[in-house]
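Take a look at the structure set out below.
Nothing in this text is a laboratory measurement; each read-out follows from the coordinates by a stated rule. This structure is a prediction, so every number in the text was calculated from the model and none was measured. Glycine gets a Cβ as well: all are built from the backbone with ideal geometry, and neighbour counts include every protein chain shown.
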Amino acid sequence: MLSREAAQSVMSREAVRDRIISLHTATTHVKIFVIQIYVLADNEQKNEFNDRLKNVLDDIPQHDIKLLIADLNAQIRKNGNKQL
């Protein structure tokens, strides 16, 4: 939940994939992009994930602040079984 003031600063939000979420906010003086990622330990999907993350970061203007928050060893489980 965001305060009313914080919610008004949100310019956009996007779920790029199930493991990449971005939030674009604008304050009086700066624009901030927050990117939350969950990186699985699975090597097979790393290249695709890295390409998508690079595209997200490349789309952000250089003068805006980028805040990358990561869980580098995420494991998604459903009913005790590992699900990718």
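Taken over the stretch 7-41, residues that are within 16 Å of Asp71 (Cβ to Cβ) and surrounded by fewer than 12 Cβ atoms within 10 Å (Cβ to Cβ) amount to 3.
Looking only at residues in the stretch 19-54 that are free of Cβ contacts under 8 Å to residues at least 12 places away in the same chain and part of a helix (DSSP H, G or I), which one is nearest to Arg4 (Cα to Cα)? Only one residue fits best here, namely Lys54.
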